[in-house]
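The next block holds one structure in the form of structure tokens; read it before the comments.
Since every read-out is calculated from the coordinates, none of them should be taken as a lab result. Please read all numbers here as calculations on a predicted model, not as lab measurements. Cβ placement follows ideal geometry from the backbone for every residue including glycine, while neighbour counts extend to all protein chains displayed.
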Amino acid sequence: MSQGALTGAVFPALLHQDPRYFRLGPKHSIWKQVGYSMSRVAVIRTDGGRQAPNWSFFLGTAAGVAMSNLWYPSTDRTGSVMGSRMVAISIGSATGNLLPEFWPDIQSRVLPRVLPYILLRIHKRTRAFAPTVVPASN
């Protein structure tokens, strides 16, 4: 059993919480979107649509870290080490929520403007280094 299965399936089913990320969207300021996306580690929707503490994440993370501690020597299984692992996972999850929040906007607004320029520069650079083909003489 992995931490992902515990936080994304087992505990949400037991606690009637919806582990999916619900995007706030571009109608809000960037800072509000950043705050919202990072808060989803601590706040989750219930099956009824209300906001609730994200017990699925906390319990699943704690259980996953506890299971992974079985592989470490006893000196690395202290409460502070376990706590630091949980903090690192929480920070990673919070920053990981930024991608589903902003990627649709990046994909529709930024990439169409920037990607052709980048591809043109790559094409020009690769043409400069392309080998010259000399036809064989008969």
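Please enumerate the residues belonging to region 12-61 that are among the β-branched types (V, I, T) and within 19 Å of the chain's Cα centre (by Cα).
Just the residues of region 12-61 that are among the β-branched types (V, I, T), to begin with: 30, 34, 41, 43-44, 46, 61.
Within region 12-61, I30, V34, V41, V43, I44, T61 qualify.
Does A66 count as surrounded by 12 or more Cβ atoms within 10 Å (Cβ to Cβ), among the hydrophobic types (A, V, I, L, M, F, W, C) and within 16 Å of A42 (Cα to Cα)? Break it down stepwise before answering.
On the way: surrounded by 12 or more Cβ atoms within 10 Å (Cβ to Cβ): yes; among the hydrophobic types (A, V, I, L, M, F, W, C): yes; within 16 Å of A42 (Cα to Cα): no.
For A66, the condition - surrounded by 12 or more Cβ atoms within 10 Å (Cβ to Cβ), among the hydrophobic types (A, V, I, L, M, F, W, C) and within 16 Å of A42 (Cα to Cα) - is not met.
Is region 62-69 home to any residue that is part of a loop (DSSP other than H, G, I, E, B), among the small types (G, A, S) and free of Cβ contacts under 8 Å to residues at least 40 places away in the same chain?
Kept after step one, since they are part of a loop (DSSP other than H, G, I, E, B), are these residues of region 62-69: none.
No, there is no match, as no residue in region 62-69 is part of a loop (DSSP other than H, G, I, E, B), among the small types (G, A, S) and free of Cβ contacts under 8 Å to residues at least 40 places away in the same chain.
A quick yes/no check of all residues on (1) assigned to a helix (DSSP H, G or I); (2) touching a helix residue (DSSP H, G or I) at 6+ places or on another chain (Cβ under 8 Å); (3) of a type in the set (A, V, I, L, M, F, W, C):
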residue	(1), (2), (3)
P12	yes, yes, no
P26	no, yes, no
I44	no, yes, yes
R85	yes, yes, no
A88	yes, no, yes
A94	yes, yes, yes
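Somewhere in region 36-43, is a residue surrounded by 12 or more Cβ atoms within 10 Å (Cβ to Cβ), closer than 20 Å to F102 by Cβ and in contact with a strand residue (DSSP E or B) (Cβ under 6 Å, 6 or more places away or on another chain)? Outline the logic, then answer.
Of all residues in region 36-43, those surrounded by 12 or more Cβ atoms within 10 Å (Cβ to Cβ) come to 36-43.
Right, trim to closer than 20 Å to F102 by Cβ and you get 36-43.
Cutting the leftovers down to in contact with a strand residue (DSSP E or B) (Cβ under 6 Å, 6 or more places away or on another chain) gives us 43.
Looking through region 36-43, at least one residue is surrounded by 12 or more Cβ atoms within 10 Å (Cβ to Cβ), closer than 20 Å to F102 by Cβ and in contact with a strand residue (DSSP E or B) (Cβ under 6 Å, 6 or more places away or on another chain).
T95 is checked against (1) of a type in the set (V, I, T); (2) surrounded by fewer than 12 Cβ atoms within 10 Å (Cβ to Cβ); (3) within 11 Å of the chain's Cα centre (by Cα) and fails just one. What number does that condition carry?
(2)
Note down all Cβ pairs under 6 Å where the first residue falls in region 32-57 and is within 12 Å of L15 (Cα to Cα), the second is of a type in the set (S, T, N, Q), and they're at least six residues apart or on different chains.
As it stands, the answer is I44/Q17; I44/N54; T46/Q17; A52/T46; S56/T7; S56/Q17; F57/T7, since those pairs meet every condition given.
Does region 113-121 include one or more residues that are among the β-branched types (V, I, T), out of contact with any Gly (no Cβ under 8 Å at 6 or more places or on another chain) and farther than 28 Å from A13 by Cα?
Just the residues of region 113-121 that are among the β-branched types (V, I, T), to begin with: 114, 118.
Adding the requirement that they be out of contact with any Gly (no Cβ under 8 Å at 6 or more places or on another chain) leaves 114, 118.
In the following step, the residues that additionally are farther than 28 Å from A13 by Cα were identified as 114, 118.
Yes, region 113-121 contains a residue that is among the β-branched types (V, I, T), out of contact with any Gly (no Cβ under 8 Å at 6 or more places or on another chain) and farther than 28 Å from A13 by Cα.
Touching a Phe, Trp or Tyr at 6+ places or on another chain (Cβ under 9 Å) and hydroxyl-bearing (S, T, Y) - does that describe any residue in region 89-100?
The answer is yes, given that some residue of region 89-100 is touching a Phe, Trp or Tyr at 6+ places or on another chain (Cβ under 9 Å) and hydroxyl-bearing (S, T, Y).
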